[in-house]
1. Within the group 296, 387, which residue is buried (at least 18 other Cβ atoms within 10 Å of the Cβ) and free of Cβ contacts under 8 Å to residues at least 12 places away in the same chain?
2. Which of the helices (runs of 4 or more DSSP H) found entirely inside region 1-64 contain at least 3 residues meeting this: in the same structural domain as residue 99 (by TED's automatic domain parsing) and at pLDDT 70 or above?
3. Find the residue count for region 467-482, including only residues that are surrounded by fewer than 17 Cβ atoms within 10 Å (Cβ to Cβ), assigned to a helix (DSSP H, G or I) and within 49 Å of the chain's Cα centre (by Cα).
4. Mind checking whether some residue in region 399-416 is within 26 Å of residue 351 (Cβ to Cβ), surrounded by 18 or more Cβ atoms within 10 Å (Cβ to Cβ) and in contact with a helix residue (DSSP H, G or I) (Cβ under 9 Å, 6 or more places away or on another chain)?
């Protein structure tokens with residue numbers, strides 16, 4: 001269907017170009033302007049990595065701050081679509097909440113009005129092509145530099161250059177139309193005309209994927225007297241409604257939270273547009289009354305459209321900023337996360353295409369998805385020990401758990417792997433590799449440890465899988481010695497998994513650091529004690545040779561599970577807040593300190 005539509009568009013435009021050079025000039029202007037917008041967005045992406053996370057946390061903790069943040073960033077980037085996509089990306093990664101995202105979108109609506117003022121005030125009154133040429137020359141020079149900031153600046157310059165050049169082509173095309181055809185003959189007045197031109201504005205914005213391009217087209221056509229003032233207002237309403245489609249398209253690959261934000265953007269702009277469709281005559285009167293106070297001449301229709309565009313977006317903020325919390329709750333009730341049943345194959349919860357746009361979101365998403373994978377592996381390791389996840393997170397004494405779960409729990413670990421681990425792990429590694437190839441070295445230094453943590457989680461799962469068969473057999477054995485040894489393995493791993501949960505849920509950092517250091521020390525002490533116990537059992541002939549071999553292997557597997565998961569806890573705890581990374585690293589025991597304390601009772605007692 002898309003290809004057919006594209007083919008029809010190409011045929012229609014080709015025929016129009018043959019019939020009219022002015023149509024070609026206007027269309028070329030739109031294309032050049034859109035390419036400029038894409039270059040401008042690409043340029044600003046070079047400056048968003050690393051800093052946006054800090055700015056978002058600092059400036060979006062209140063609704064009014066979120067609105068200001070959205071307005072400022074859109075004014076600088078001149079792309080409400082890019083700001084909406086950034087907001088969706090960050091909300092999908094969990095860096096901001098839905099109410100903050102809605103505030104940013106409202107602010108972006110305000111920020112986008114500055115573009116209309118600049119075009120109406122200066123772009124249509126001076127020769128922008130004169131300024132475009134040097135921008136394109138210098139911008140291209142900067143693009144070919146290896147320095148990322150210079151490259152980004154180059155894209156910004158060329159983006160502005162192409163945008164200016166596109167406006168110049170559109171202006172020339174509409175000016176030339178005056179000599180051959182008067183498009184105002186196709187004007188439609190009244191409410192019927194408003195509806196028709198609102199729909200045209202929506203369709204044009206959807207096709208061009210840029211409300212800025214639609215507004216430039218409206219302003220240049222109006223300045224050349226090719227559309228009526230009333231129809232231009234209707235087109236502006238349509239452009240404001242159609243711009244939400246960019247966010248909706250951007251949210252297609254986003255998480256459920258990203259889809260909620262796109263839904264909020266759509267609801268806000270469409271509701272405001274529907275309210276204003278029937279008030280076009282009153283809007284004209286309001287502009288005529290207020291324009292003189294701003295120094296706008298009655299004949300300057302382009303600036304009047306810029307003023308109307310501002311009124312539209314200010315009304316959006318006025319209507320919906322008090323209702324952000326209510327709108328957020330409404331979207332939460334409509335769009336809910338699906339409840340995953342045991343029999344259904346699990347999939348990633350956070351990874352999406354938008355998260356690869358910025359290093360901050362890539363790291364946050366990778367971190368959250370790793371914890372999701374760990375949660376699934378945590379569950380299967382528990383079942384491999386013939387206990388349940390609920391046993392571990394309960395307050396029950398470990399010895400009581402062992403007494404309660406004295407029978408083997410039969411679980412198909414291979415099937416569990418296929419349904420709950422394999423797909424998630426594959427997508428995590430693929431996402432991490434793609435992110436490493438896209439971002440600079442400093443971003444990769446944060447991504448690589450988290451990727452490696454996933455590898456360690458899978459290694460822990462494999463060890464649990466190898467251990468499961470003997471575990472199920474020997475916890476029901478008549479030989480009390482081998483039964484006690486396997487229950488001892490269970491105790492140690494239950495303690496490990498319980499401490500892991502406490503580390504991840506600890507509210508106080510000092511407690512988490514203490515638990516992690518203790519966890520490492522317990523693993524080392526257990527390994528030493530397990531080897532001594534195994535030697536004693538063999539010497540006293542309390543277990544058979546086959547039992548001794550199984551116990552030896554499974555003790556190694558248990559140690560592998562413990563060490564791999566301890567490293568996972570270390571990585572995820574340290575990287576949970578990168579601003580605290582160095583301080584957390586300094587507080588944790590290193591390998592040498594753990595080894596010394598495990599082998600030196602005096603140091604352990606002092607600790």
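The values are calculated or read from the model by the stated rules, or taken from the named source; none is laboratory data. Because the structure is predicted, anything quoted here is derived from the model rather than measured. Note: ideal-geometry Cβ built from the backbone for every residue, glycine included; neighbour counts use all protein chains shown.
1. None of the other options fit; the residue is 296.
2. 21-48
3. The qualifying residues number 2.
4. Checked against the condition, which is being within 26 Å of residue 351 (Cβ to Cβ), surrounded by 18 or more Cβ atoms within 10 Å (Cβ to Cβ) and in contact with a helix residue (DSSP H, G or I) (Cβ under 9 Å, 6 or more places away or on another chain), region 399-416 yields at least one hit.
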